[in-house]
Amino acid sequence: MTVKTDTNPTEEKRKQNIPDERGYYGSFGGAYIPEMLYPNVDELRSNYLQVIESAEFRKEFELLLRDYVGRPTPLYYAGNLSETYGAKIYLKREDLCHTGAHKLNSVVGQALIARHLGKKNIIAETGAGQHGVATATVCALMKIPCTVFMGSKDIARQQPNVLRMKMLGAEVIAVESGSKTLKDATNEAIRHWINHPDDTYYLIGSTIGPHPYPDLVARLQSVISQEIQSQLINQEGKDAPDYVLACAGGGSNAAGAFFHFIGNGKTRLIGTEAAGEGVDSGLTAATIYRGTPGIIHGCKTLLMQTSDGQVMEAHSVSAGLDYPGIGPLHAHLHTTGLAQFLPVTDTEALEAAQMLSRAEGIIPALETAHAVAALSKLQFKPDDVAVICLSGRGDKDLQTYQQYFQKT
Ligand SMILES: *Cc1c(COP(=O)(O)O)cnc(C)c1O
């Protein structure tokens, strides 16, 4: 497909990467929370900008990003992919971050904030276990007790990550309610937070949740596009690519990869969402495509819901994209046309994972493979510079890959 570009940047459009003071990106965002949580969320809201802009925080954060996470991550020119797709294709190697994905960027930042706010405990929810592992990792580093809520169904199917969290000293709490997956783990984490309001920091794993979380996580992840900018100046002599491609579950790696390019009038921002077995199959996680405005986990955004407002189950082969909502920033970018979202099916993602493994010797995470799959849906000009946010590595998905390719 060809993608429209908005070639008329305005100051107004450049500012669409941050919400207004009530936490709204256009009509999405805000903070829809039980009254019991007001003090907690308000404490974070009234402090987060001041903390993350302080010299002390910047110094600690940048040092940890460099020496612990392993930043800057390379911007790798993928010669073989470039030849195949007829454009200059770069991979932003978030898969090389410690723990194998972009998630640590935001977890390190939020743990530092928790410390600045004097919090003694950290709680988190996890679906596939990746966010739980990232949180347990940083809590070990900072000696903060860590409790991770996880649906019992996910515990059964994500054993390696459960073992990692335990090895790192985190307590993993099995959630038996509802569908025993991510949305139930989130509900349970929020319930725990209500009962432990003073000393506990709730560490959210994506650009979702009540304001200020989506903005906080987007700002912490924006190191990705900041690095892309300076690396492109060195490698291509320009500060903005023609395309940025990223997969979107809750939307944090996409938010980070898009952040400094939003509304610049030059860069086409392409998000990919998990279509599962197809957008019309009933087994999908294509939230932008299928979603309608509603409230999920504390914010107003697009989500998959029944006509009477019940949150629907999402389906994707990729556990990290298997979420019925999407962050409010992305709902807004979609509605305004500042970014475009393409659905990618399970099969397309699996094929893209194999393609990238064979073409460049890099095995991507299944989530990431959804972004790679967009390459064959776009029409490039030879001079186009396209950056794919390679959000994570594929070791955790080898069994899924093997099962699929054995059958085909
Ligand atoms: C968790 C995860 C995602 C999805 O989360 P976002 O917040 O949408 O980025 C994507 N890729 C990888 C490798 C992940 O671990």
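Let me check the size of region 1-147 from its C-alpha atoms; what are the radius of gyration and Dmax in Å?
That works out to 19.1, 56 Å for Rg and Dmax.
In deg cm²/dmol and to the nearest 500, what is the mean residue ellipticity at 222 nm of the chain if only DSSP H runs of at least 4 residues count, each as -39500 (n - 2.57), divided by the residue total?
Estimated from H runs of four or more residues: -12000 deg cm²/dmol.
Taking only C-alpha pairs under 8 Å that are 6+ residues apart, what is the relative contact order of the chain in percent?
Reported as a whole number, the value is 21 percent.
Just to confirm my numbers, what's the Cα centroid distance between region 339-408 and region 62-84 in Å?
About 17 Å separates the Cα centre of region 339-408 from the one of region 62-84.
What part of the accessible area of region 271-316, given as a whole %, is carbon or sulfur when the probe is 1.4 angstrom?
Reported share for carbon and sulfur atoms: 48 percent.
Could I have the simple spin-label model distance between residue 117 and residue 266, label points 7 Å from Cα toward Cβ, reported in nm to one decimal?
So the label points at residue 117 and residue 266 sit 3.7 nm apart.
So if R0 is 45 Å, what FRET efficiency would residue 408 and residue 236 give, r being the distance between their Cβ atoms, rounded to the nearest 0.05?
Efficiency for this residue pair is about 0.75.
Using a 1.4 Å probe over the heavy atoms of the protein chains, calculate the carbon and sulfur portion of the accessible area of region 320-406 as a whole percent.
Of the solvent-accessible surface of region 320-406, carbon and sulfur hold 47 percent.
Rank-order 318-324, 117-123 by packing density, defined as the average count of other C-beta atoms within 10 Å over each peptide's residues, highest first.
By packing density, highest mean first, the sequence is 318-324, 117-123.
How much net charge surrounds residue 328 when only the other residues with a Cβ under 11 Å from the Cβ of residue 328 are counted, with Lys and Arg +1 and Asp and Glu -1?
My count for the surroundings of residue 328 gives 0.
For region 106-168, state the average projected area of the convex hull of the C-alpha atoms over all orientations, rounded to one decimal in nm².
The directionally averaged projection comes out at 3.8 nm².
Can you tell me which of 61-69, 147-155 comes out highest on packing, and rank the rest after it, using the mean Cβ neighbours within 10 Å?
Top to bottom by mean Cβ count within 10 Å: 147-155, 61-69.
Compute the Rg/Rh shape ratio of region 80-224: radius of gyration over Kirkwood radius, all on alpha-carbon atoms.
Rg/Rh: 1.03.
Sort the following peptides by mean Cβ neighbour count (other Cβ atoms within 10 Å, averaged over residues), highest first: 225-236, 268-279.
Ranked from most to least packed, the peptides come out as 268-279, 225-236.
Roughly what percent of Cα-Cα pairs across the chain reach past 37 Å?
Taking all Cα-Cα pairs of the chain, the fraction more than 37 Å apart is 14 percent.
What is the spin-label model distance, in nm, from residue 347 to residue 310 if the labels are put 7 Å beyond Cα along the C-beta direction?
For residue 347 paired with residue 310, the spin-label model returns 3.0 nm.
At residue 12 and residue 163, where each label point lies 7 Å from the Cα along Cα→Cβ, what is the point-to-point distance in nanometres?
My value for the distance between the label points is 5.6 nm.
Rounded to two decimals, what ratio of Rg to Rh does region 190-300 give with C-alpha atoms and a Kirkwood Rh?
My calculation puts Rg/Rh at 1.06.
Distance between Cα centroids, region 152-167 to region 225-269: provide it in whole Å.
33
Could you give the length gained on full extension between residue 354 and residue 56, defined as 0.36 nm per residue of separation minus the Cα-Cα distance, in nm?
102.9 nm
Filter 103/143; 92/238; 13/381; 92/377; 103/407 down to the pairs with a C-alpha to C-alpha distance above 24 Å, please.
Distance filter (> 24 Å) returns 13/381; 103/407.
State the percent of C-alpha pairs, over all pairs in region 362-408, separated by a distance greater than 12 angstrom.
68
Pairing rule first: another cysteine's C-beta must sit under 4.7 Å. Under that rule, which cysteines of the chain stay single?
Cysteines lacking a close Cβ partner in the chain: 97, 247, 299, 389.
Considering only protein heavy atoms, what per residue accessible area in square angstrom results for region 306-353 with a 1.4 angstrom probe?
36
The values are calculated or read from the model by the stated rules, or taken from the named source; none is laboratory data. Every value quoted in this text rests on a predicted model; they were computed, and no experiment measured them. A quick note on method: Cβ atoms are made from the backbone with ideal geometry, for glycine too, and the neighbour counts reach across all protein chains shown. With ligands, DNA and RNA removed, areas are computed over all heavy atoms of the protein, side chains included. Shrake-Rupley method; radii C 1.70, N 1.55, O 1.52, S 1.80 Å.
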